Every structure is written in C-alpha cells, then in structure tokens.
1. Has segment A:108-122 got at least one residue that is among the polar types (S, T, N, Q), more than 14 Å from chain B (Cβ to nearest Cβ) and touching a strand residue (DSSP E or B) at 6+ places or on another chain (Cβ under 7 Å)?
2. Hey, does segment A:329-342 have a residue that's under 21 Å from A:Thr232 (Cα atoms), among the polar types (S, T, N, Q) and part of a helix (DSSP H, G or I)?
3. Take segment A:42-85 and flag every residue that is in a helix (DSSP H, G or I), in contact with a strand residue (DSSP E or B) (Cβ under 9 Å, 6 or more places away or on another chain) and among the acidic types (Asp, Glu).
4. Where the second residue is of a type in the set (Phe, Trp, Tyr) and part of a loop (DSSP other than H, G, I, E, B) and the first is crowded, with 16+ Cβ neighbours inside 10 Å and lies in segment B:47-73, which pairs have Cβ atoms under 9 Å and are six or more apart or on separate chains?
5. Mind checking whether some residue in segment A:289-296 is more than 14 Å from every other protein chain (Cβ to nearest Cβ) and either farther than 15 Å from A:Phe205 by Cα or surrounded by fewer than 23 Cβ atoms within 10 Å (Cβ to Cβ) (or both)?
6. Could you check how many residues of segment A:27-41 are surrounded by 21 or more Cβ atoms within 10 Å (Cβ to Cβ) and free of Cβ contacts under 8 Å to residues at least 60 places away in the same chain?
7. I'd like to check something: does segment B:14-29 contain any residue that is within 14 Å of chain A (Cβ to nearest Cβ), assigned to a helix (DSSP H, G or I) and within 28 Å of B:Trp255 (Cα to Cα)?
8. Working only within segment B:160-177, note down all residues that are hydrophobic (A, V, I, L, M, F, W, C) and touching a helix residue (DSSP H, G or I) at 6+ places or on another chain (Cβ under 8 Å).
There are 2 protein chains.
Amino acid sequence: MAAPFNREPALLNFDFYNPTQILFGKGQIAAITPLIPAGARVMMLYGGGSIKRNGVYDEVKAALGGHAVVEFPGIEPNPQYETLMKAVEIVKAERIDFLLAVGGGSVIDGTKFIAAAALFGDADPWLILEKGGRNIAAALPFGSVLTLPATGSEMNSASVITRAATQEKRPFANRLVFPKFSVLDPSTTFTLPLRQVGNGVVDAFVHVMEQYMTHPVNAPVQDRWAEGLLLTLIEEGPKTLSEPDNLDVRANIMWTATMALNGVIGVGVPQDWSTHMIGHELTALYHLDHAQTLAVVLPGMLTVRREAKRAKLLQYAARVWGLVEGDEDGRIDAAIERTRAFFEQMGVKTRLSGYGLDAGAIDAVVNRLEAHKLVKLGEHRDVDAAASRAALQLSL
Amino acid sequence: MAAPFNREPALLNFDFYNPTQILFGKGQIAAITPLIPAGARVMMLYGGGSIKRNGVYDEVKAALGGHAVVEFPGIEPNPQYETLMKAVEIVKAERIDFLLAVGGGSVIDGTKFIAAAALFGDADPWLILEKGGRNIAAALPFGSVLTLPATGSEMNSASVITRAATQEKRPFANRLVFPKFSVLDPSTTFTLPLRQVGNGVVDAFVHVMEQYMTHPVNAPVQDRWAEGLLLTLIEEGPKTLSEPDNLDVRANIMWTATMALNGVIGVGVPQDWSTHMIGHELTALYHLDHAQTLAVVLPGMLTVRREAKRAKLLQYAARVWGLVEGDEDGRIDAAIERTRAFFEQMGVKTRLSGYGLDAGAIDAVVNRLEAHKLVKLGEHRDVDAAASRAALQLSL
C-alpha cells in the first residue's frame with residue numbers, strides 16, 4: 001500500500017472506490033428491469049437449481065421479460081475454471097453483452113471471471129488467475145441477485161476460482177469486475193439449508209476478523225465498525241437458527257455480510273488473510289466448505305500469533321465479548337474460546353476431526369502451502385509453514 | 001421511501017449507491033492527475049484564498065499541469081446562487097468540461113450546482129433548487145480536494161445553495177452530482193482556524209444524529225456504525241483543539257465527517273433533519289455559521305421530542321455517553337446536557353444569546369418556517385411551528 005503518516009502506528013493512505021448499486025429489501029428483484037441496458041442480450045447464471053424451487057427464478061425471469069436471455073445453470077460451490085470456460089464460449093457464440101448472476105458467492109465469483117475472460121482476447125484466461133486480475137483490461141457488465149449472504153462478492157471486485165484439474169484455488173480482483181448492481185432481498189434466504197446459513201455467518205465473521213484482528217493503527221472508525229459487525233453476527237446469527245422465519249434477522253445478517261467485505265472497514269488498516277489462504281488449501285484438498293475451513297483455522301491462528309496481535313485481541317475481548325476481568329492472557333484465551341464456541345453454535349465444526357481428518361491432513365496442507373510459496377502470510381508476512389502447522393495442530 | 005418488511009418497526013427497503021472514489025492521506029493531491037480526462041478544460045473553484053497560504057493551491061496546480069485551467073475563486077460560505085451563476089457563464093464561454101472544487105463543503109456544494117446548471121439548457125437554473133434536483137438530466141463531471149472536514153459533500157450527491165436576493169437557503173440532490181473523486185489529505189486541515197475545526201466536528205456530529213436519533217427499526221449495523229462515529233468525534237474532536245498538530249487526529253476527524261454523510265449509516269432507517277431545516281433559516285436570517293445553528297437547535301429539539309425518541313435517546317445515553325444508572329428521564333436529560341456541553345467544548349455556542357440574539361429571533365425563524373411551509377418536519381412529520389418554537393426557546 002502506501003507510506004504511513006508521521007509515525008507508526010498510524011492509519012495508512014488508501015484509495016476507496018465502490019460503485020455497486022445495492023437494491024435492498026423484500027420485492028426488490030423487480031427493480032432490476034430498468035438497470036439492464038435496453039436491447040442487451042443477457043446470460044442468467046445460477047447454481048444447482050434451488051432458485052427454481054423458491055420462486056427467485058420466476059421473479060428474475062419476469063424482471064428480464066424484455067430481453068433475450070440465455071441461461072447457464074450449474075455453477076458449483078467453489079466455482080470451477082472448467083465450468084466457467086464453457087460459459088465463456090457461449091457468451092461469445094451468443095454475443096451476450098450483460099451477465100446476471102443469481103445465487104451466492106460462488107455464482108457471483110464465477111460470473112466475475114466470465115465477465116473478464118469473455119473480453120480477454122486470444123490469451124489463455126487462466127492468466128487472469130496467475131496475475132491476480134492485474135491484467136484485466138475490460139469486462140462485460142453484470143449484476144447480481146444474491147440468495148446467500150456470506151462472501152460479500154455482491155459488493156466487491158474480488159473472486160476466487162478453482163481449477164479442478166490441478167486442485168488450485170486462486171483469487172483475483174480488479175475494479176472492472178464490480179457488479180453494476182446487486183439485489184439483496186432477505187426473503188430469498190428463507191429456503192436456505194441451515195448448513196449454508198451457518199456457513200454464511202461464519203464466513204462474514206472471519207472476513208471482518210481478517211481486516212480487524214491485526215495491530216492498532218489509530219483507526220477508531222474502522223475498529224468500531226468492524227466490532228459493530230461482529231456484535232451483530234453474534235446477536236443475530238443464532239436467531240437465524242432459532243427463528244428461521246424472522247425477516248428482520250435475515251435482513252440484518254444479509255446487510256452485515258455485505259458490509260463485512262465491501263472494503264469500507266478495511267481502509268487504511270493492515271490486513272491478515274492468512275486464515276483464508278490456508279483454508280483455500282483445505283478446501284482444494286478435502287472439499288470442506290469454505291466457512292468450515294475458516295472455522296478450523298482461525299482459532300488456532302489467533303492462539304499462535306497472540307503476541308503480535310495482543311493489543312487487538314484484548315480490545316476484541318473487551319468490546320466484542322465483554323471480557324474485562326482477569327489477567328490479559330486469560331482474557332485472550334477466553335475470547336478465542338468464545339469465538340470457537342460461536343462457530344460451533346452456528347453449526348460449523350472447528351476441528352479437523354469433525355470432518356474426518358487427522359494429522360496427515362496438516363502435513364498435506366503445509367506441503368501445498370510450501371509448494372505454492374504461501375509461507376510469508378499475514379499482516380507482518382511472518383506466518384511461515386511452521387506457524388501454519390502450529391495453528392492447525394491446535395484444531396486437530 | 002418504500003414499505004417496511006413484515007411489521008413495524010422494521011428496516012425499510014433501500015437503494016444505496018455511492019461511486020465517489022476517495023484518495024485518502026498525506027500527499028494524495030498528486031494522485032488526481034490521471035483521474036482528470038485527457039484534454040479536459042478544467043475550472044478550478046475555491047473560496048477565500050486560504051489555499052494559497054497553506055500550499056494546497058500549488059499542489060493542485062502542479063497536479064493539473066497538463067490541462068488548460070480557468071480559476072474561479074470567491075465561492076463564499078453558504079454559497080450564493082448569484083456567485084455560482086457567474087461561474088456558469090464562464091464555464092459556457094470557456095467550454096469547460098471538468099470542474100475541480102478545492103475547499104470545504106461550500107465550495108463543493110457550489111460546484112455541484114454549477115455542474116448541473118451548466119447543462120440545464122435554456123431553463124432558469126433556480127428551478128433546480130425549486131425541484132430539489134429531481135429535474136437534473138445531466139451534469140459536468142467534477143472532483144474535489146477537501147480542506148475542511150464537516151459537511152460530507154465530498155462523498156455524497158447533495159448540496160445546499162443560498163439565494164442572497166431572497167435570503168432563501170435550499171437543498172438539492174441528484175445521483176448525477178456525486179464527485180468522481182475526492183482527495184482527503186488531513187494535513188491540509190492544519191491551517192484551519194479553530195472556529196472552523198470546531199464547527200466541522202459539530203456539523204458531522206449532527207449529521208449522524210439526524211440519521212440515528214429517531215426510533216428503533218431493528219437496524220443494529222446502522223445503529224452501531226452511527227454510534228461508532230459519535231464516539232470517535234467525542235474522543236478525537238477535543239484533541240483537534242488540544243493537539244492541533246496531530247495528523248492522526250485530523251485523519252480520524254476527516255474520515256468520520258465523510259462517513260457521517262455518505263449515505264451508509266442512513267440506509268433503511270427513518271431520518272429526521274428538522275434541526276437542519278430550522279438551522280438553515282437561522283443562517284439565512286442572521287448569518288450564523290451552519291454548525292452554530294445546529295448546536296443551538298439540536299439540544300432543544302431532543303428535549304421537546306423526547307417521547308417519540310425515548311427508546312433511541314436511552315440507547316444513545318447508554319452506548320455513547322455510558323449513562324446507565326438512574327431513572328430513564330434522568331439519563332435522557334443527562335445525555336442531552338452532555339451533547340450541549342460537547343458542542344460548547346468544541347467552541348461552538350449553543351444558545352441564541354451567545355450570538356447576540358433574543359426571543360425576537362425565534363419569532364422571525366418561526367415566521368419563515370411557516371412561510372416556507374416547513375411545518376411538518378422530522379421523521380414523523382410532526383414537528384410543527386409550535387414544536388420548533390419550543391425547541392428554540394430552550395436555547396435562548
């Protein structure tokens with residue numbers, strides 16, 4: 001990023017930009033009609049077909065009434081390069097000029113890749129992943145209708161794509177792949193399986209932690225906004241399980257997940273993201289859900305790196321968990337334990353054994369981190385293979 | 001706005017959009033060069049010339065090196081229609097196609113009006129104010145270099161213009177007048193007079209209160225984010241006076257003021273704005289600074305409307321001022337008193353007598369509110385002339 005101000009620790013310089021229009025609330029799918037360019041040939045992308053059972057498909061088709069629409073179903077969780085390239089071929093053949101993603105983060109992430117790959121010329125689109133998206137020069141415009149609050153993809157310019165052939169899971173980002181608009185209708189989430197609801201809450205929680213749980217840089221707005229999201233997830237998350245028909249609860253979870261990763265809480269502050277990078281390897285190797293990997297990695301990671309994160313862990317203990325009594329290490333231990341318990345409360349197991357994995361999985365993950373040169377992770381670039389191993393061993 | 005979800009109180013549907021790019025930090029003025037279209041003929045607008053004494057003028061001119069630049073100095077506090085129309089004439093005569101506002105909220109507000117008025121065709125541009133901006137169909141692109149954190153105009157699509165001839169102060173808003181970019185370099189604020197620093201903190205505080213202090217609608221993220229901004233202003237605001245050379249403090253105040261009115265804390269929640277509407281009349285009649293009028297009106301307004309705002313006043317007392325002991329009305333009174341004391345601590349007087357005004361001013365303001373049909377103000381449209389009078393009488 002940029003140089004700090006006059007001394008350390010201090011807020012870093014930053015460049016914030018987020019042009020995605022958000023249409024929030026029950027019934028808002030119908031509002032997309034005027035947002036799609038007149039005469040556009042539209043590709044509607046979705047996943048396994050749950051939208052046909054909960055009415056979203058019909059609502060979207062009605063809103064697209066005036067347009068030629070080609071459907072591309074079958075974008076899987078952890079969207080695969082191989083699948084997405086089939087969509088790119090159809091986009092070119094059908095002269096599609098607007099994409100509409102209908103689903104969760106995987107469908108939106110996949111649509112971002114398609115938008116860029118369709119205008120990538122004759123070069124191999126895998127290069128987009130190899131360069132992290134820095135080589136994107138143009139992208140098709142697209143919108144999204146979000147049905148699963150979790151990843152924040154609906155209001156950011158990042159994406160993660162998996163190549164099945166090589167078990168690689170790679171992120172990319174570029175300001176050309178912000179959605180033009182995203183519909184957040186919380187009533188669309190009522191039919192989600194509880195596993196996905198729990199995963200989404202954990203995913204959003206860890207997104208906040210990756211941006212918040214580093215070291216203080218005198219950024220009180222960013223800190224308090226991050227804490228506000230964590231507190232909301234802790235209060236409202238369990239209600240999605242105990243009061244699954246409560247629309248207010250669904251609305252608050254949906255908005256929190258979007259705000260967790262639209263960039264605003266991360267401006268000017270150091271960021272970690274080591275839990276995500278290690279988690280990606282667990283998903284690629286053993287097909288755990290993304291949120292499951294985060295729930296496994298984060299508690300151990302906080303424990304292993306408690307010295308570098310001490311000041312922020314104490315702030316987190318006090319402001320998020322109300323832990324202000326006892327000695328410092330006791331408060332830190334309790335805060336990490338509360339975090340693990342919260343993930344379990346949301347139905348997401350936090351130990352490898354819960355997913356049928358043992359120490360052999362740790363060896364495999366660490367080997368892949370080394371092979372992928374992911375051995376300088378975290379806000380201080382000091383999370384090496386040994387630290388990753390130690391973190392995972394605490395969650396056996 | 002839109003219908004509430006399934007019952008009252010509940011979050012309202014909303015449409016959020018904010019495409020302004022923010023370049024934040026020391027030295028960021030130089031970063032605007034690539035953001036101004038190649039070949040653009042630029043008008044650089046500013047106020048009384050303080051930017052020539054603190055180096056900002058030279059930094060901006062250097063960043064504009066490759067462009068033809070016409071300067072338009074002299075945009076006054078509470079920017080006047082008459083002044084701005086002179087700029088519109090020059091924009092047309094000189095075929096200007098990009099505007100750059102360098103200054104505080106008045107310069108940026110004025111630039112928004114010029115951007116819209118320059119492309120308003122043959123119609124009278126005052127109609128923009130009469131229609132609140134709904135009749136804007138095009139606007140020149142513009143950016144801003146902010147030198148006074150206060151109004152939030154640098155990251156929103158609203159503006160307030162005064163017509164000197166008739167003492168009218170009118171707001172307008174339109175998504176076509178978002179700045180393309182805004183530079184927030186907190187080091188530019190070191191040379192501000194303390195009166196303007198204090199005014200800015202009070203202005204930002206009341207912006208948050210207008211969006212927060214209504215009634216609960218089960219919007220925990222919006223509430224906590226608003227409270228996070230208020231707490232930051234309370235902590236950091238006095239440091240701008242006691243540690244005027246502290247860049248971190250300036251940075252946090254600058255970011256807080258921008259976040260206070262960029263729309264994000266106000267989504268889906270009821271909003272008040274009665275304090276602003278009454279304050280505008282005080283400024284138009286007696287030329288008080290905008291923030292001075294807010295500091296006079298808000299405490300009385302909270303007192304007069306304590307029943308409709310009771311739940312939120314208690315939440316504010318507890319979360320912002322730590323007032324949790326004693327009976328409800330005592331906590332509410334104490335929270336309002338702390339608010340008044342904070343404004344005074346920032347050097348902004350909260351009583352009409354502090355500005356040499358007496359009960360005659362109240363009569364004059366109420367007469368104007370009635371003349372302007374501003375007698376159904378506030379989130380319940382129940383702030384009539386009598387309520388406005390009662391609020392002002394508490395700040396004699």
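The values are calculated or read from the model by the stated rules, or taken from the named source; none is laboratory data. Note that the coordinates shown come from a computational prediction; the quantities given were computed from them, not determined experimentally. All Cβ positions, even for glycine, are placed from backbone atoms using ideal geometry, and neighbour counts span all protein chains on display.
1. yes
2. yes
3. A:Glu59, A:Glu82 - these are the residues of segment A:42-85 that are in a helix (DSSP H, G or I), in contact with a strand residue (DSSP E or B) (Cβ under 9 Å, 6 or more places away or on another chain) and among the acidic types (Asp, Glu).
4. Pairs found: B:Asn54/B:Phe190; B:Val56/B:Tyr46; B:Tyr57/B:Tyr46; B:Val60/B:Tyr46; B:Phe72/B:Tyr46; B:Pro73/B:Tyr46.
5. Yes, some residue in segment A:289-296 is more than 14 Å from every other protein chain (Cβ to nearest Cβ) and either farther than 15 Å from A:Phe205 by Cα or surrounded by fewer than 23 Cβ atoms within 10 Å (Cβ to Cβ) (or both).
6. Residues in segment A:27-41 being surrounded by 21 or more Cβ atoms within 10 Å (Cβ to Cβ) and free of Cβ contacts under 8 Å to residues at least 60 places away in the same chain: 0 in total.
7. yes
8. Answer for segment B:160-177, where residues must be hydrophobic (A, V, I, L, M, F, W, C) and touching a helix residue (DSSP H, G or I) at 6+ places or on another chain (Cβ under 8 Å): B:Val160, B:Ile161, B:Ala164, B:Ala165, B:Phe172, B:Leu176, B:Val177.
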